[in-house]
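See structure below.
The values are calculated or read from the model by the stated rules, or taken from the named source; none is laboratory data. What you see is a predicted model, and the numbers here were worked out from it, not measured in a lab. Cβ sites come from the backbone with ideal geometry, for glycine too, and all protein chains shown count toward neighbours.
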Amino acid sequence: MSKNGPIALIFHTAFIVFMLAPLVVVCLVAFTSKGYISMPTEGFSLRWFRAILENPDFIDAFLMSLYLAIVSASIALAISVPASLAIARHRFPGRAAFTAFFLSPLMIPHVVLGVSFLRFFTEVGLSGTFVGLALSHVIIIMPYALRLVLASVTGLSRDAESAAVSLGASNWTVFRRITLPLIVPGIAGGWVLAFITSFDELTMTVFVASPSTITLPVRMYNHITETIDPLIASLSAALIFVTVIFMVILDRLYGLDKLLVGRGT
Amino acid sequence: MAEAIARRTLIPPYLLSAPALLLYCALLLTPMLMTFLLSFNSFDLYTGIKPDYSLANYLEVIQDKYFHVIFLRTFGMALVVTLICALLGAPEAYILNRMANPWKSLFLLAVLGPLLISVVVRTLGWALLFGKEGAINMTLMGLGLVDEPVKLIFTSTGVVIALVHVLVPFMVISVWASLQKLDPATERAGLSLGASQFTVLRRVVVPQVMPGVLSGSLIVFALTASAFATPAILGGRRLKVVATTAYDEYLNTLNWPLGAAIAILLLAANVIIITSYNRVIEKKYAEAFG
């Protein structure tokens, strides 16, 4: 393969600087010792990281987001696995329509989903509840979960399953002892992607979250629209650190490019 | 084997997809339908939503100049952001693909990684950079390029820059995926037959990655047109887009029927653009390869 020329490398450097600059700035400002937005020119201080811990609002919102992401990702996967088996293993009337229907939330702007859920939950008495919030997140993350599980079911050889069936194993035993272990990588990848998507979701959640179910992105958004201070920078920096660790693990396990093809925000 | 097949059909596909189907009908179809109906209701400041049906909300959006500006701004921004993403993302994907490991995977991580970081955090970074004493203005003034701070926050330039940053990874990944299918032998063949590097790029590489650029453009365009957080934080109250306008109607003005009409129009515009774009491209490629 031929090498990149000097112009290509300059372009590449500028591109990488552009991609990383906003994240680096957030991390630098987070270490300031002053009471306002500024670079840490007089030495690095952990003052604003300590301030996060003294702010129960953010801690509660963080725990809510964590809990919400775990619950909704788990429900989404529990529903995706049988649906993937149906789509990948059977030829039945309506199969293409089912697949398109299950992937359709990707096409709908989150603000439209948000206003629809708000109206619906108000009418059925779920407005402001955790149940409503979790169900709305399940809809948003289902396509991501489904796509990864579907990919792993589609690539699966059926020889081991046929052997087990011919030896007299029941449907459930075949699923539990053979199919499920073979698609665990797809399930795990789908769960993690669903978890991250739920954890980061803002646009739809802004409509559905109530003061008692406020998530971290919504809490941070509300804070930023009022004031931008070093506290929000240190919180963002903490999130960046955690995400980078997550990212490196995911990249080692799956390859980030394969996981992210066609991901929507 | 016959027994195996007989056994497997014991669980019919409809039963397996029933949980997903039920969930989608209850929680996607019903809410969307309710919003569609709501968009025809009328609203009164004192009595709230009235259960009558008319096209008044749609007429208001279609006739009011205020909404024209918002819709034009939103789709104009989406067009500009998509073009910039294609011009920056496609070459970057090509350059990344020509690199050797470990640089290749390291830089791919740097480009795609931000997708996993919350949009709120990424937008905050730009808000910090754009400030009067932010890094961009400090650099520009330090270099003597400008005398006074450039105003970027609360301007459409600022929003466009930040949206490009948020969405360009989708373009890179889309072009990257089509580059993986490209046979490097075709490039070498062009070069060995005496074509210049530029000609090979134009005649061999670009046509083959074009599907990747086009599908990346579609994703970027659709996501920009419905973007909320970045225009809300960097555009402020004055630089409204469709998504932030719907938000204001719902949560500030409380005129839900009007908000619903705006949301339905956004959805309709998105669906129309996506399907007609797909159709044009399919036709074009059917002609080219047919």
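Points to keep in mind about this one:
- Selection over the range B:244-275 of residues that are farther than 25 Å from residue B:51 by Cα, touching a residue at least 12 places away in the same chain (Cβ under 8 Å) and at the interface with another protein chain (Cβ under 10 Å from one of its Cβ atoms) gives a count of 4.
- You will find that of A:126, A:133, the residue that is under 11 Å from residue A:208 (Cα atoms) and in a loop (DSSP other than H, G, I, E, B) is A:126 and no other.
- Test result for residue B:206, free of Cβ contacts under 8 Å to residues at least 24 places away in the same chain and assigned to a helix (DSSP H, G or I): yes
- Residue match in the range B:99-113 (condition: in contact (Cβ under 8 Å) with a residue 12 or more places away in the chain and within 30 Å of residue A:230 (Cβ to Cβ)): yes
- Being within 22 Å of residue A:129 (Cβ to Cβ), among the small types (Gly, Ala, Ser) and in contact with a helix residue (DSSP H, G or I) (Cβ under 6 Å, 6 or more places away or on another chain) is a property that does not hold for residue A:51.
- Members of the range A:184-231 that are among the acidic types (Asp, Glu) and surrounded by fewer than 20 Cβ atoms within 10 Å (Cβ to Cβ): A:226, A:229
- Any hit, the range A:74-83, residues being more than 13 Å from every other protein chain (Cβ to nearest Cβ) and either touching a residue at least 12 places away in the same chain (Cβ under 8 Å) or buried (at least 17 other Cβ atoms within 10 Å of the Cβ) (or both): yes
- Residue check, residue A:92 crowded, with 19+ Cβ neighbours inside 10 Å and either touching a residue at least 60 places away in the same chain (Cβ under 8 Å) or not in a helix (DSSP H, G or I) (or both): no
- If you filter the range A:11-70 down to residues that are assigned to a helix (DSSP H, G or I) and small (Gly, Ala, Ser), you find that the one that is nearest to the chain's Cα centre (by Cα) is A:69.
- Answer from A:108, A:140 - the residue that is more than 9 Å from every other protein chain (Cβ to nearest Cβ), modelled with pLDDT of 90 or more and under 20 Å from residue B:268 (Cα atoms): A:140
- Filter result (surrounded by fewer than 18 Cβ atoms within 10 Å (Cβ to Cβ) and not hydrophobic (A, V, I, L, M, F, W, C)) within the range B:132-153: B:132, B:133, B:139, B:142, B:144, B:147, B:148, B:149, B:151
- Residue in the range B:78-100 that is surrounded by fewer than 20 Cβ atoms within 10 Å (Cβ to Cβ), not aromatic (Phe, Trp, Tyr) and not in a helix (DSSP H, G or I) present: yes
Table: residues versus (1) under 19 Å from residue A:233 (Cα atoms); (2) in a helix (DSSP H, G or I); (3) of a type outside the set (Asp, Glu).
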residue	(1), (2), (3)
B:115	yes, yes, yes
B:120	yes, yes, yes
B:125	yes, yes, yes
B:148	no, no, no
B:158	no, yes, yes
B:162	yes, yes, yes
B:169	no, yes, yes
B:172	no, yes, yes
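- Lone qualifier among B:227, B:243 - being crowded, with 24+ Cβ neighbours inside 10 Å, assigned to a helix (DSSP H, G or I) and small (Gly, Ala, Ser): B:243
- Under the condition of being within 12 Å of another protein chain (Cβ to nearest Cβ) and surrounded by fewer than 17 Cβ atoms within 10 Å (Cβ to Cβ), the residues counted in the range A:29-40 number 3.
- Considering B:205, B:220, B:209, the condition of being more than 8 Å from chain A (Cβ to nearest Cβ) and within 18 Å of the chain's Cα centre (by Cα) is satisfied by B:220 alone.
- Only one of the numbered conditions (1) within 11 Å of chain A (Cβ to nearest Cβ); (2) under 30 Å from residue A:209 (Cβ atoms) is not met by residue B:239, and that is (1).
- Some residue of the range B:46-67 being within 19 Å of residue B:155 (Cα to Cα) and either without any contact (Cβ under 8 Å) to a residue 60 or more places away in the chain or more than 11 Å from chain A (Cβ to nearest Cβ) (or both): yes
- Residue that is nearest to the chain's Cα centre (by Cα) [pool: residues in the range B:161-177 that are farther than 22 Å from residue B:233 by Cβ and hydrophobic (A, V, I, L, M, F, W, C)]: B:171
- Boolean, residue A:63 is modelled with pLDDT of 90 or more, crowded, with 23+ Cβ neighbours inside 10 Å, away from chain B (no Cβ under 11 Å) and under 25 Å from residue A:132 (Cβ atoms): no
- Selection count, the range A:5-30, where residues are farther than 18 Å from residue B:136 by Cβ and touching a residue at least 40 places away in the same chain (Cβ under 8 Å): 1
- Condition met for residue B:142 (within 13 Å of another protein chain (Cβ to nearest Cβ), at negative phi, free of Cβ contacts under 8 Å to residues at least 40 places away in the same chain and not β-branched (Val, Ile, Thr)): no
- Looking across the range A:46-73, the residues that are aliphatic (A, V, I, L, M) and touching a residue at least 40 places away in the same chain (Cβ under 8 Å) come down to A:51, A:52, A:61, A:64, A:66, A:68, A:69, A:70, A:71, A:73.
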